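Worksheet: the structure to be examined is printed underneath.
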Amino acid sequence: MFPTNETDWYRQQATASLKRLLPRLEARFATQVEPDEWQGYLQRLREHFPRLFACLYQLYGRQYDFFYHLDSILGSATEAWHARPAELKALDALRETDPHWHQSQRMLGAMCYVDRYAEDLQGLRERIPYLLELGVNYLHLMPLYQVPEGDNDGGYAVSSYRELNPRLGTMAELEELTSELRHHGISLCLDFVFNHTSDEHDWARRALAGDAEYQAYYRMFPDRSQPDAYERTLVPVFPDEHPGSFTYRNRLKKWVWTSFHNYQWDLNYENPVVFNRMLEEMLFLANQGVEILRMDAVAFIWKRLGTGSQNLPEAHIILQAFNALVRIAAPAMLFKSEAIVHPDEVRKYISEEECQLSYNPQLMALLWNSLATRKVRILRHAMEKRFAIPAGCSWVNYVRCHDDIGFAFSNDDVSELGLDPVAHRRFLTEFYTGRFPGGFARGLPFQEDKATGEARISGSCASLAGLERALEEGDEQEIELSVRRIHLLHGVILTMGGIPLLYLGDEIGMLNDHGYEQDTDKIGDTRWLHRARFDWDRAEQRRDAETVPGRIHQGLLRLIRLRQQNPAFDRGDTEIVATGNDHVFGYFRTNGDHSVLVLANFSERPQTLEGRRLRMLGLRKSVVDLVAGRTIVATHALELEPYAFMILSRPLVSPGSI
């Protein structure tokens, strides 16, 4: 009897295939573990194998040795599960009872470079109390793997996933760190750079030595005919550094696909061996105690002639296959997608069966847009269209990170509001590089296109928010406005819905580091402007409210505590509302009987909301501003101070009244 549809066919084939493969797994592993433990593993395997089979068959089913590779991949996953430490298997069981733990309002993320925050892993362990003081329970460490000396794309050109940069520590020290963090309730996130390796990785070295097996790990071409055909539809990532997406290696006498830098070789995921080898690296990291993987450059991992080779269906299928294997072998681990692409494409990577977490680059870009324009029209319009994501998934919301600010909002969103997207991005570039008359920001362009005037922006949160300029000019009023801007931006990411992620140093208002150009390895890469070493002397001022770092830190700490203590933010819904004022962004957070209205004034001028509109939204005349800690009577109107951030508590009037 033939199946009635494709889904039935995959299910039947998966059932038959697993029936054939299980005896081999049983023979290798069943006698090495307790029977109950083995049965628990088989239960997960049976649950997730059908979708794993469907993914792998779509990728590799036409290859004559498909079942050999399927058997090898299952063997790799089972071997990693067998080697998984007992403490991590206990964590697996805990996470399976609460798979949406990341949606708790107690979640607070922080990110940093190990060496710039604490010199090395041992130093970082000594700085854990600082993280606990903030309330951090999710720590993202920038790449710490072994990389080439000199050019290494800030750690994203990986030479070994199983060895660390010796200046930072050893893999044994990383395992000790993950254990200590876990005992403090902090989950560790690391980057998984799986689109490419460095040209000094062992696989690349073997390929350079002429080994055809390892040359097949990458995409190599004997002449320019295929590269030229591909490049008719490719958009170069770093055109200032090298034109196109291919690099000639005279030792090989071949052209190598290099999407990013010429020392980063793109992996060939059409080769199932590459998929399996990268699975082994992924599960190795899981077994070191890494709980979240930031899946780097997800848009680029599959290539097809005649396309832009970004966001192809196979890229999603690869992630889904990895997801299924992790659910089987290390279910405590989550994926976080890094896709700095069109907002509609970003959302396609988000699901419980692909990436449960995702950066929210659109929110970040539009927060900075709203600061520059003093208007929230684009922000509100875009969030109404795209903030909702599948249940069980979370945005990771951020103001700044290690990378530049790309204004990755939708051109359609801007055009629908009567603006020219190209001219608008040019304005934002001018504003945040200090070229716009009367602007407050101090930043630098990154990858500026002189022809269009568009660029991405480098700079610390504080400097882009006006603090650097205000301090230089000794303008107390501007200092106060800068502090309010910093609190405003972070207030939104702390309350909007998702995991807020702090770039360590922003909580004490660290400024741009203009000394980066003294380092020859960093000249020309303006992103090092905001990658300064953590200023521990400045951090010592965090408890002194008379200092600028103290004002910033204590204000953020209050917002963090409000988030973590208010049930409305716990796995609650977010509803964007029209406030009736183009300068004021508003949204409800609702969780059962708990609800708050969040208001953010993006203008340096006082703003007013009509009392009638507030009543229409279900608020009473008397409301409590949880940020200020006071009751407000808004009979006719609600007055918001410059850059005010308010969390208004109200009773839930009735179902559907929001």
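The values are calculated or read from the model by the stated rules, or taken from the named source; none is laboratory data. Just so it is clear, the structure is predicted and the values come from calculations on it, not from any experiment. As a convention, Cβ positions derive from the backbone with ideal geometry for all residues, glycine included, and neighbour counts pool all protein chains shown. These accessible areas exclude ligands, DNA and RNA; they are computed on the full protein's heavy atoms, side chains included. Shrake-Rupley method; radii C 1.70, N 1.55, O 1.52, S 1.80 Å.
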**Overall dimensions of the range 1-154 by Cα: Rg and Dmax, Å** = 21.4, 65
**Asked** Helix 6-29 sits at what angle to the longest principal axis of the chain, using alpha carbons and giving 0 to 90 degrees rounded to 10?
**Response** 70 degrees
**Request:** Please list the non-local residues whose amide H lies under 5 Å from the amide H of Ser160, H modeled 1.01 Å from N, same-chain partners needing a gap of 5 or more.
**Result:** Gln146
**Prompt:** So how tilted is helix 171-183 from the main axis of the chain? Cα-based, degrees 0 to 90, rounded to 10.
**Reply:** 50 degrees
**Message:** Give me the 1.4 Å probe accessible area per residue for the range 19-174, excluding ligands and nucleic acids, in Å².
**Reply:** 45 Å²
**Asked** Ranked highest first by the average count of other Cβ atoms within 10 Å around their residues, in what order do 610-622, 110-122 fall?
**Response** 110-122, 610-622
**Item:** For Ala330, residues with placed amide H under 5 Å, excluding near neighbours
**Value:** none
**Item:** the range 611-652 - convex hull of alpha carbons, volume per residue in Å³
**Value:** 68 Å³
**Prompt:** How large is ³J(HN,Hα) for each residue in the range 369-378, as worked out from phi by the Karplus curve 6.51 cos²θ - 1.76 cosθ + 1.60 (θ = phi - 60°), to whole Hz, x for Gly and Pro?
**Reply:** 4, 5, 5, 6, 8, 6, 10, 10, 4, 5
**Fill in**
Charge tally for neighbours of Leu70 with beta carbon under 14 Å away, counting Lys, Arg as +1 and Asp, Glu as -1, is +3
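Which percent of the accessible area of the range 495-642 is formed by carbon and sulfur heavy atoms (probe 1.4 angstrom)? Mind showing how you got there, number by number?
On the way: 2900 of 6520 Å².
So the carbon and sulfur contribution to the accessible surface is 44 percent.
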**Request:** Would you mind checking which residues have amide H under 5 Å from Asn360's amide H? H placed 1.01 Å from N; only 5 or more apart, or other chain.
**Result:** Val396, Tyr398
**Request:** Mind jotting down the distance between the C-alpha centroids of the range 37-52 and the range 134-151, whole Å?
**Result:** 33 Å
**Prompt:** Which ³J(HN,Hα) values in Hz, rounded to whole numbers, follow from the phi angles of the range 31-45 under the Karplus curve 6.51 cos²θ - 1.76 cosθ + 1.60, where θ = phi - 60° and Gly and Pro get x?
**Reply:** 7, 9, 9, 5, x, 5, 5, 5, 5, x, 5, 5, 4, 5, 4
**Request:** With the Cα gyration tensor of the chain in hand, give its eigenvalues times 5 under a square root as the equivalent ellipsoid semi-axes, listed largest first in whole angstrom.
**Result:** 42, 30, 25
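On a 26 Å Cα-Cα criterion, which of the cross-link pairs Lys253/Lys450; Lys89/Lys336; Lys254/Lys450; Lys253/Lys522 come out too long? Walk me through the numbers on the way to the answer.
Working: Lys253/Lys450 34 Å; Lys89/Lys336 21 Å; Lys254/Lys450 33 Å; Lys253/Lys522 30 Å.
Flagged as over cut-off: Lys253/Lys450; Lys254/Lys450; Lys253/Lys522.
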**Message:** Nearest 500 deg cm²/dmol is fine: what mean residue ellipticity at 222 nm does the chain get from its DSSP H runs of n ≥ 4 alone, each adding -39,500 (n - 2.57), divided by its residue count?
**Reply:** -12500 deg cm²/dmol
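Sorting check: for 159-169, 461-471, which peptide has the highest mean count of neighbouring beta carbons within 10 Å, and how do the rest follow? Can you show the working numbers first?
Numbers: 159-169: 17.1, 461-471: 25.0.
Final packing ranking: 461-471, 159-169.
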**Message:** Please list log₁₀ I(q)/I(0) at q = 0.15, 0.25, 0.30 Å⁻¹ for the range 585-644, using the Debye equation with identical point scatterers on the alpha-carbon positions.
**Reply:** -0.45, -1.25, -1.50
**Complete:** Here the net charge surrounding Gly308, from other residues whose Cβ is less than 13 Å away from its Cβ (Lys, Arg +1; Asp, Glu -1), is +1
**Message:** Can you order the peptides 374-381, 49-56 by their average number of other Cβ atoms within 10 Å per residue, highest first?
**Reply:** 49-56, 374-381
**Message:** Taking θ = phi - 60°, what integer Hz values does the Karplus form 6.51 cos²θ - 1.76 cosθ + 1.60 yield along the range 83-94, in sequence order, with x for Gly and Pro?
**Reply:** 7, 5, x, 4, 5, 6, 5, 5, 5, 3, 4, 5
**Asked** Which aspartates and glutamates, on any chain, are close to Lys19 with Cα under 17 Å apart, when same-chain ones fewer than 8 places away are left out?
**Response** Asp8, Glu47, Asp71
